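For reference, the structure discussed in these notes is given below.
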Amino acid sequence: SDASLSDEEKVRILKKENSRLRQECNKANVECERLGKRLAYLINADRADKSEMERLTGILDEKRREERVSKSRNKALEEQLRRLTSQFDDLKFKVAEADSMSAPLSFRAPRKS
């Protein structure tokens, strides 16, 4: 069928096909640019997410360290409180004992007659 077409018709058909292919190519380039931008955005978002995750992990680790230190301090303070309470009870007992021994007879509870 090509043999029956004149050279001008062949050129016109080829130009038309060339124009159509150029349009498709332009559309494909626009889509490629759009996808490239989207990919760059996703890569940056992923980096930002990883960076945020690392930051939050650091904060969490720090809070866990603080909690361990706090628990350790708390145990030490509880132990100190137990010792001081025990010492206080001993002193209270000794003072009461000393008071009862040193009180003159006239200050002791009067007898009922």
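Structure summary
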{"read-out": "Separation of the residue 23 and residue 88 label points, Cα + 7 Å toward Cβ, nm", "value": "9.3"}
{"read-out": "Net dipole in debye of the chain [+1 Lys, Arg Cβ; -1 Asp, Glu Cβ; about Cα centre; nearest 20]", "value": "840"}
{"read-out": "Per residue, in Å², the accessible surface of the chain once ligands and nucleic acids are set aside, probe 1.4 Å", "value": "99"}
{"read-out": "Carbon + sulfur, % of accessible area of the chain - ligands and nucleic acids excluded, 1.4 Å", "value": "57"}
{"read-out": "Top of 11, 69, 30 by mean-square fluctuation, Gaussian network on the chain, Cα under 10 Å", "value": "11"}
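The values are calculated or read from the model by the stated rules, or taken from the named source; none is laboratory data. It should be emphasised that the depicted structure is a prediction, and the values quoted were computed from it without experimental measurement. Backbone-built Cβ (ideal geometry, glycine too); neighbour counts: all protein chains shown. We work out accessible area using only protein heavy atoms, side chains counted, and drop any ligands, DNA or RNA first. Shrake-Rupley method; radii C 1.70, N 1.55, O 1.52, S 1.80 Å.
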